[in-house]
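The next block holds one structure in the form of structure tokens; read it before the comments.
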Amino acid sequence: MSPIILAVFFPFAFALIVPILFKVLRRIHTGWFVLAVPILLFGYFIRFYPIDGPEDIVVQSAAWIPRLDIEFAIVLDSLSLLFALLITGMGCLVVLYSIFYLSKEREALHNFYVYLLLFMGSMLGAVLSDHMLALYTFWELTSISSFLLIAYWYQRRNSRYGALKSLLITMTGGFAMLLGMLMLRAATGTYSIRETIALADTLGEHPLFLPAMALILLGAFAKSAQFPFHIWLPDAMEAPTPISAYLHSATMVKAGIYLVARLTPIFGGHPEWSWSIVIVGLLTLLWGSFTAIRQVDLKAMLAFSTVSQLGLIMSLLGIGSMALTPDMAHGQAVLLSGAVAAALFHLVNHSIFKGCLFMVIGILDHELGTRDIRRLGGLAAVMPVSFTLAVIGAFSMAGLPPFGGFLSKEMFFTGMLDAYRTLEGWTMLLPAVAWLASVLTFVYCMILVFRVFTGPKPEELPDKPPHEAPIGMLISPSVLAAAVVLLFFAPNILSGTILEPSMRAILPQTAEAADGFHVHIAPWHGFTAEVGMTAGVVLIGAYLYRRRRWLERVRDFVPWRWTLNRLFDWTLAGMERISLKFTRFYMTGFTGHYFAYIFGFLILLAGGALIALQALRFDFSDLSPILPYEYALGGSVVASAVYMLFARSRIASIIALSAIGFLVALFFIIFRAPDLALTQFVVETISTALFLLCFVFWPKLKEEDGRLPFRVTRLLISVGVGAVMTLIGLAAIAPRPFESIARFFENSYELAGARNIVNAILVDFRGFDTMLEIVVLFMAGLGVYSLIRFGREGRKDG
Amino acid sequence: MRFTDVILQTATKVIVFIILTFALQMLFSGHHNPGGGFVGGLVTASAIILLMLAYDSRTVRDVLPVHFRRLGAFGILIAVLTGCSAMLAGSPFLDQVFSHAELPLVGEVELASAILFDIGVFFTVIGTTMTIISAISEDE
């Protein structure tokens, strides 16, 4: 195993010992142990920084399912490194923060950290995998861990609802993505993303190309909460705040963005790809920022703000991907590629300032017991540090200097303006929508800061008296706030080392033509249109904030009430109703019906296979004569069977059934199968005892339903089963159409050191079967146990 | 329901030990002669059932304070661990090995890892059968 693959599996392995640590070392918060994982991984990945040229890209792989051409192929290039550092770096801060956020006495910390580590490992795997199916597996694992983390407080109804919703939406998207990847594989013959990129030039003509693109985009949009799939993200806010900061703003929701960036070299030159991303991204941006204004729950406001910021990054990637259009002039392509730099830079910025904001709101929630802005106010005096952190985070999000968000917001405007200048058509709309959404973003950022921290104290006071958070909770957001400021003054520490190489990974063709990218981020370029737009955002935004009563009237006018959520709930309820109806149709609760299904399928499958495989060949020439006592045994079996059919009491038919079993065991003895005979005897003894035990619970034998069709059906099924079984038995002695494998087992003594072939087959040759069989047996036993034990209690409730 | 059948109880006291001995013999000789973990487990279970029939399930539980569900799980654990130990040696999962050893008084004896696996099967079968039987018999 190569070291990077071990690094990916390290969180999974550590997750195994977390419950033990939690149980044994109760006095120490489990988070302190878990903190080691992201720190070590961050330290490991930072050593690769920077991955500048193609010679630095690390490629490693290990076989997984070689027969299906599935492997853990790891490619660590600059784009993957950017995400790996985000995942592990944010992971350190979030785990540190969670130590103070979650009480070690009251919370089920082992669950929390196991899920968190599961997420960390699968997210790392997703951004490092080059093999599409491995990527898909890790991608779905992140959905599952997100589901578990949202439902962490599963006693709450809303948590369960939010968890299920996020799982259903992201998994549906993930499944679409899987289909798209399989289509790509059908077109190219490879699962490797790198090899597919190499084939990208000729791929466009393939008939499966556009469907594959649409399906993969669906997966990316669902994961990154793009309109109209964004509805899962606000409900995901039921998760503990460290999780909202980590999964639902910094890392997991960026997986869709990662996928779009990663696959841009394949799809980028096609207008369908670029425009669907741009349109969906801008729509999400506008809708998210508009919806965020009306939220009164701070976390819901941040959730919609995350939705809108993800839309922003998406739309920039869409603009940037147009640089790959084949007949694009060289200068224009370079101009458009600037949007990719903006997207990556904003991605980093967003993770940092949104993480900071989430942590501040977590502090408010934790210390005051509420995050409803109607119940908060005037907190700046009592919580000065939190206030400062909130100002830094929110002003960065609003795009104000001197914070990192200002730079990326300017670059966003530049990208949209460049698109307007370069492309024809209705492209004037791009900067217009971008500007409008930025105004709305500015407004909710101001609400976030000034409604909560300034103004009069509310009449309806929060549950606890306001006070500043403990120092431990302030460390992580302070680090992030410092990074926000640092990124304003020294943005170019990123540009040369990670932005340019990552852009080369996203736009390889343009990079080749332009001899690399040169990103230089500066706060001031003179009086450009971007400065004008920012000034407009601040002026109009401030005006709208002052007049927000008017804004409130507008939002009350819009027919809200969550129409998309309604649609989701309605669809879900409808599907449940239909499947319930369908299940009720055949799950009648009558054992007789179930036997009819089982035996019906037996006749169809076994009988059908006999005919389809042309196995109905009989040959009675080579048989030994039937001896008198064999006749006697056979006659006894038949007599017992007939007696069982007509027995009037149940106990008589049980005894007749056992008699058949013992007589069959005698047959085994005659035909010299001691192992079988032995087993048959014991099984028969035990099952007779079992039957007699169950006897007490059975109802009395009733007169059968006398209707003719009912009886005919039963007759047909029983005769059919008997006939099929007889035919199988007769066909088995006919000369075989294929070579017998019995010879292999005959030298069991040399192969397995066993003179008993049956035993050698059970424990050695087919040992895996036996192991699974005993597992199934035990499961069935537990099933019987719990049905009897708890089924009765359940009936008491119902 | 408690009934006393002196003849059955007296006979059971002797027969149960014969059956249990036979079960162990089948378990360990299964490699070369008819038998094995599955049959051995079933025979052991039938001995316990006989005890339950002759006395009652509460008495049997006092005499044999075994947690049958745990016994079954323990059996699966043994079977899986034998399989995994083969992997530690670099062989495929569940690859069995055997060798011959010379023991004092007994003579040459074959030592096979398959017997460990069979013991796992043995415990699982006892655990499962007894879980089912006692669940049904103790149901009020």
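The values are calculated or read from the model by the stated rules, or taken from the named source; none is laboratory data. Note that the structure is a prediction, hence the values are computed from the model and not measured. Neighbour counts are summed over all protein chains in view; Cβ atoms, including those assigned to glycine, are modelled from backbone coordinates with ideal geometry.
Miscellaneous remarks
- If only residues of segment B:95-140 that are over 20 Å from the mean Cα position of the chain (by Cα), closer than 24 Å to B:Gln25 by Cα and at the interface with chain A (Cβ under 7 Å from one of its Cβ atoms) are counted, the one that is modelled with the lowest pLDDT is B:Glu110.
- Those helices (runs of 4 or more DSSP H) of segment A:671-788 in which at least 1 residues are charged (D, E, K, R) and facing chain B (nearest Cβ under 9 Å), considering only elements entirely within it, cover A:674-695.
- Residue pairs whose Cβ atoms lie under 7 Å apart, separated by 6 or more positions or on different chains, with the first residue in segment A:5-31 and surrounded by 15 or more Cβ atoms within 10 Å (Cβ to Cβ) and the second aromatic (Phe, Trp, Tyr), are A:Ile5/A:Phe72; A:Ala7/A:Tyr44; A:Val18/A:Tyr113; A:Leu21/A:Phe33; A:Thr30/A:Phe22; A:Thr30/A:Tyr113; A:Gly31/A:Tyr113.
- The residue list A:Gly281, A:Gly219, A:Gly269, A:Gly256 contains one member that is surrounded by fewer than 24 Cβ atoms within 10 Å (Cβ to Cβ), of a type outside the set (Ser, Thr, Tyr) and either over 16 Å from the mean Cα position of the chain (by Cα) or on the phi < 0 side of the Ramachandran plot (or both), which is A:Gly269.
- Selection within segment A:126-135 - in a helix (DSSP H, G or I) and crowded, with 24+ Cβ neighbours inside 10 Å: A:Ala126, A:Val127, A:Leu128, A:Met132, A:Leu135
- Residue selection: A:Ala505 satisfies the criterion of being under 25 Å from A:Asp130 (Cα atoms) and modelled with pLDDT of 85 or more.
- Residue check for A:Val382: more than 23 Å from A:Gly541 (Cβ to Cβ) and touching a Pro at 6+ places or on another chain (Cβ under 7 Å): yes
- The listed residue being in contact with a helix residue (DSSP H, G or I) (Cβ under 7 Å, 6 or more places away or on another chain), surrounded by fewer than 19 Cβ atoms within 10 Å (Cβ to Cβ), in contact (Cβ under 8 Å) with a residue 40 or more places away in the chain and part of a loop (DSSP other than H, G, I, E, B), out of A:Pro326, A:Pro402: A:Pro402
- Residues being loosely packed, with under 14 Cβ neighbours inside 10 Å, within 22 Å of A:Gly635 (Cα to Cα) and of a type in the set (Phe, Trp, Tyr) - total across segment A:652-702: 1
- A residue that is within 14 Å of the chain's Cα centre (by Cα) and in a helix (DSSP H, G or I) occurs somewhere in segment A:92-115.
- Just one residue in the set B:Thr10, B:Thr59, B:Thr82, B:Thr21 is part of a helix (DSSP H, G or I) and within 14 Å of another protein chain (Cβ to nearest Cβ); that residue is B:Thr82.
- Flag if A:Leu347 is under 30 Å from A:Leu102 (Cβ atoms), hydrophobic (A, V, I, L, M, F, W, C), part of a helix (DSSP H, G or I) and out of contact with any Leu (no Cβ under 6 Å at 6 or more places or on another chain): yes
- Boolean, A:Thr388 is outside any helix (DSSP H, G or I) and closer than 27 Å to A:Ser476 by Cα: no
- Test: residue in segment A:415-431 that is in contact with a His (Cβ under 9 Å, 6 or more places away or on another chain), surrounded by fewer than 24 Cβ atoms within 10 Å (Cβ to Cβ) and part of a loop (DSSP other than H, G, I, E, B): no
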